[in-house]
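Structure first, then comments.
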Amino acid sequence: MLTRSLLFKQYRRSFSQLSHIKPPKQITNEPVKNFSSKDTMDWDLLRASVSKFNNASLDVPLVINGKRVFYNEGNRTSFQQVNPAKHSQVLANVTQASEQDVAAAIQASKDAKSKWYKMPFYDRAAVFLKAADLISTKYRYDMLAATMLGQGKNVYQAEIDCIGELADFFRFSVKYASELYNQQPCESSPGVWNKAEYRPLEGFVYAVTPFNFTAIAGNLVGAPALMGNTVVWKPSQTAALSNYLLLTVLEEAGLPHGVVNFIPGDPVKITNKVLADKEFSALHFTGSTAVFKKLYGQIQQGVVNDVYRDYPRIVGETGGKNFHLIHPSANIPHAVLSTLRGSFEYQGQKCSATSRAYIPQSKSAEFLADLAGTLGSVKPVNTSASKINGGDLHGFMGPVIHEQSFDKLAAAIEEAKKDPELEIVCGGNYNKANGFFVEPTVIKTTNPLHKYMSTEFFGPILTVYEYPDAEFKQICETLDKTTSYGLTGAVFARDREAINVADEALKYSAGNFYINDKCTGAVVGQQWFGGARMSGTDDKAGSGNILNRFVSVRNVKENFYELTDYKYPSNYE
């Protein structure tokens with residue numbers, strides 16, 4: 001006979017995979033603070049947090065099963081995360097994981113799995129709802145300061161990232177998970193009851209997160225964890241400060257030890273160790289296309305070699321060569337300002353950033369003159385007017401993330417100066433004496449198939465091409481075939497027929513397509529984000545679709561009728 005305790009345990013186990021709990025009705029997008037000159041209290045609180053991180057560099061540890069492991073313990077090394085706006089300032093000494101640390105993180109994820117996934121959904125969801133509230137209240141200004149200083153963001157870009165989008169990811173994922181759990185079989189025969197259980201994946205998830213969005217790091221870790229998975233998290237070295245702060249917020253919100261294990265370090269060594277484990281079940285990745293392709297191949301080779309118990313899920317969002325297509329009927333001043341924002345906010349370091357534009361010949365002179373004139377007031381290279389450690393709290397643009405990126409962008413600008421098919425319309429300056437500053441640069445090409453129209457620079461470089469007005473349909477076809485990417489793009493036109501032509505011709509050119517708006521700035525719950533082709537697996541962060549990738553469905557049929565004969569009616573004569 002089942003005891004009352006055992007019945008309760010079985011009830012909890014089943015309940016962990018079936019929602020029956022409605023999330024709070026007020027789940028909606030987190031309001032974004034404007035930080036205008038009138039918001040004096042917000043500025044005072046932000047400056048206090050910035051000063052706190054400026055006072056001394058912090059030691060960022062590994063976190064394995066809740067235990068902090070610092071670089072001065074054993075033979076571990078550290079990585080210095082610097083302020084990219086003032087590279088002489090070390091913000092954090094980031095502990096680097098050894099091979100033994102990676103093995104310990106994997107084991108901690110395995111050990112924590114059973115207890116975590118059996119925890120009722122209500123309790124798992126509560127962790128992320130509370131974390132969202134902590135981020136938007138108690139830790140708002142610390143999150144902003146860590147992201148601004150460490151990742152080179154101005155206050156508005158940080159606000160929409162590590163506050164608005166991050167809180168939205170956590171809250172909306174709870175809403176979407178509840179809806180997913182409640183998707184049950186719609187039919188049952190007489191005497192039968194059917195149900196679906198959304199089990200987490202049987203092994204652990206490997207999350208590889210980028211530098212450019214704290215929110216993306218939160219979602220890459222949070223989405224699988226919410227569904228009952230445990231996670232080995234390799235953060236970007238240049239975002240370790242904000243990412244570690246985020247982990248401490250999750251812990252304060254009640255995340256149990258071992259559910260998320262934080263191991264910054266050498267990406268190749270960590271990845272090789274993780275992908276060699278039999279219980280590796282999923283990759284959740286945002287980063288470069290080249291790295292994702294390599295990991296994809298490595299995982300598939302592991303499948304061929306019978307390394308894994310399952311076919312691992314591969315979820316990735318990578319690069320883009322995103323476009324603005326301007327039609328002769330477009331509102332040119334609006335298209336110019338949208339292109340400026342899309343190309344140069346956060347220094348073009350968004351995977352969705354505008355990096356190529358197609359302008360009709362009849363409007364080209366007006367467009368480029370307006371763009372160049374407006375960009376004249378945007379001077380990230382001039383650090384003499386900077387207010388805090390080489391970065392400007394009020395400025396539109398800041399530094400690129402590190403010296404490697406700076407050198408690549410500087411080389412691209414110098415190459416453009418020598419190429420007869422390219423002309424620098426404005427910008428073209430760069431300076432790394434104090435910080436990694438690259439001026440917003442617009443390059444005009446006479447060749448629509450030039451490599452600058454297909455190469456992702458991931459920085460403040462925009463390449464434009466003038467097309468004959470009468471060849472709008474043809475330029476759509478050229479645009480579609482120019483790159484291997486398919487992330488974001490936009491068309492600007494008042495002519496509805498032109499919009500329809502572009503919409504149809506560019507159906508697979510962008511997973512996020514914008515009409516008379518810049519091709520950046522997807523909002524959780526509004527524009528689900530992701531692209532196909534070589535831009536990723538298009539699993540749509542910010543929607544419920546992505547949660548399906550981190551569950552394994554089990555269907556259960558319960559029969560209430562008892563057989564009295566093995567024969568069916570047709571078996572009788």
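Can Gly150 be described as of a type in the set (Gly, Ala, Ser) and surrounded by 22 or more Cβ atoms within 10 Å (Cβ to Cβ)? Considered against the rule, which asks whether it is of a type in the set (Gly, Ala, Ser) and surrounded by 22 or more Cβ atoms within 10 Å (Cβ to Cβ), Gly150 comes out as yes. From the list Glu197, Glu179, the lone residue that is touching a strand residue (DSSP E or B) at 6+ places or on another chain (Cβ under 6 Å) and surrounded by fewer than 24 Cβ atoms within 10 Å (Cβ to Cβ) is Glu197. Quick check, is Ile401 in a loop (DSSP other than H, G, I, E, B) and at pLDDT 95 or above? Spelling it out, Ile401 is indeed in a loop (DSSP other than H, G, I, E, B) and at pLDDT 95 or above.
Please determine whether any residue of the range 100-117 is among the aromatic types (Phe, Trp, Tyr) and part of a loop (DSSP other than H, G, I, E, B). Within the range 100-117 (the criterion being among the aromatic types (Phe, Trp, Tyr) and part of a loop (DSSP other than H, G, I, E, B)), the answer is no, since none of the residues qualifies. Is at least one residue of the range 196-217 over 23 Å from the mean Cα position of the chain (by Cα) and farther than 30 Å from Pro235 by Cβ? Yes, the range 196-217 contains a residue that is over 23 Å from the mean Cα position of the chain (by Cα) and farther than 30 Å from Pro235 by Cβ.
Within the range 481-500, is even one residue of a type in the set (Asp, Glu) and in contact with a strand residue (DSSP E or B) (Cβ under 9 Å, 6 or more places away or on another chain)? So that I can check it myself, show each step before the final result.
As a first pass, look at the range 481-500 and keep what is of a type in the set (Asp, Glu): 495, 497.
The next check asks that each one be in contact with a strand residue (DSSP E or B) (Cβ under 9 Å, 6 or more places away or on another chain); those that pass are none.
No, because not a single residue in the range 481-500 is of a type in the set (Asp, Glu) and in contact with a strand residue (DSSP E or B) (Cβ under 9 Å, 6 or more places away or on another chain).
Sub-8 Å Cβ pairs linking a first residue in the range 542-559 that is over 22 Å from Phe172 (Cβ atoms) to a second residue that is hydroxyl-bearing (Ser, Thr, Tyr), at least 6 apart or interchain, are Ser552/Tyr198, ordered by first then second residue.
Trp193 falls short on exactly one of the conditions (1) closer than 30 Å to Asn154 by Cα; (2) in a strand (DSSP E or B); (3) among the aromatic types (Phe, Trp, Tyr), and that condition is (1). Screening the range 152-187 for residues that are outside any helix (DSSP H, G or I) and touching a residue at least 12 places away in the same chain (Cβ under 8 Å) and picking the one that is farthest from the chain's Cα centre (by Cα) gives Pro185. Among the residues making up the range 539-553, those that are over 18 Å from Gly218 (Cα atoms) and of a type in the set (A, V, I, L, M) are Val551, Val553.
Regarding the range 425-439, can at least one residue be identified that is touching a Leu at 6+ places or on another chain (Cβ under 6 Å), surrounded by 22 or more Cβ atoms within 10 Å (Cβ to Cβ) and not β-branched (Val, Ile, Thr)? Checked against the condition, which is being touching a Leu at 6+ places or on another chain (Cβ under 6 Å), surrounded by 22 or more Cβ atoms within 10 Å (Cβ to Cβ) and not β-branched (Val, Ile, Thr), the range 425-439 yields no hits at all. Restricting Glu366, Glu317 to residues that are over 17 Å from Tyr514 (Cβ atoms), surrounded by 24 or more Cβ atoms within 10 Å (Cβ to Cβ) and modelled with pLDDT of 95 or more narrows the list to Glu317.
The values are calculated or read from the model by the stated rules, or taken from the named source; none is laboratory data. Given the structure is predicted, the values throughout are model-derived calculations rather than measurements. Methodologically, a virtual Cβ is constructed for each residue, glycine included, from the backbone with ideal geometry; neighbour enumeration extends over all protein chains shown.
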